[in-house]
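Report on one structure; see the data block that follows.
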Amino acid sequence: MWVCSKCGEESEDGFDICWNCGTARDGTEDPGFRSADELPPRPQPPSTGPVREKLERVAKYQRWVILALLANLVANAVALATMGEDRLTSPVFVTIAVPIGMFSMVAVFLLAREFFHPALAVLCSLLMLAPCISLLMLFVVNQRATSYLRRNGVSVGFLGVDRNRIGRTAPRE
């Protein structure tokens with residue numbers, strides 16, 4: 001442990017800069033250091049209005065796209081497991097792949113429609129029919145949604161956003 005020469009705070013030996021004031025161990029002050037209180041507030045999602053409604057739609061459709069992505073991975077694993085059989089007529093493959101494909105197309109269309117022109121959303125949905133392109137489309141559209149949600153102060157986890165957490169607090173002024 002060492003004690004900061006400027007503010008008197010204790011810092012662990014592994015740190016060369018004081019966490020409280022930004023002063024180096026040798027006493028050199030960093031003019032660019034700002035404490036957490038001096039930083040601008042993190043944007044909060046709006047509590048009402050059309051922006052909140054779009055955030056809720058994007059969060060819902062993003063969850064669908066993530067589920068479609070995971071389902072596609074399962075379908076591809078089944079396809080690889082049944083590779084010796086005629087995949088197009090395999091009852092297991094058809095039973096799994098067709099509903100997953102339809103769900104994926106709808107999910108991608110709905111989410112893409114939130115960000116792109118409807119004609120481009122239809123194209124994104126149709127690209128879901130191409131085996132490798134479909135996974136790429138799921139990743140691209142999901143990334144666009146994640147960026148949008150984070151820009152609006154919404155925390156995005158592995159399976160998307162808990163829609164109930166959007167806008168529970170009013171935005172900071």
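Would you confirm whether any residue within the stretch 162-170 is modelled with pLDDT of 80 or more, surrounded by 19 or more Cβ atoms within 10 Å (Cβ to Cβ) and either under 20 Å from PHE103 (Cβ atoms) or out of contact with any strand residue (DSSP E or B) (no Cβ under 8 Å at 6 or more places or on another chain) (or both)? No, that holds for no residue. The condition (being modelled with pLDDT of 75 or more and within 30 Å of ALA107 (Cβ to Cβ)) is satisfied by just one residue among GLU53, GLU85, GLU9, GLU29: GLU53. Screening ASN72 with (1) polar (S, T, N, Q); (2) more than 21 Å from ALA107 (Cα to Cα); (3) at pLDDT 75 or above gives one miss only, at (2). Which of the residues that make up the stretch 6-37 are surrounded by 14 or more Cβ atoms within 10 Å (Cβ to Cβ) and of a type in the set (Gly, Ala, Ser)? Passing the criteria: SER11, GLY22, ALA24.
The values are calculated or read from the model by the stated rules, or taken from the named source; none is laboratory data. The shown structure was predicted, so the numbers you read here are calculated from the model rather than taken from an experiment. Every residue, glycine as well, gets a Cβ built from its backbone with ideal geometry; the counts of neighbours run over all protein chains shown.
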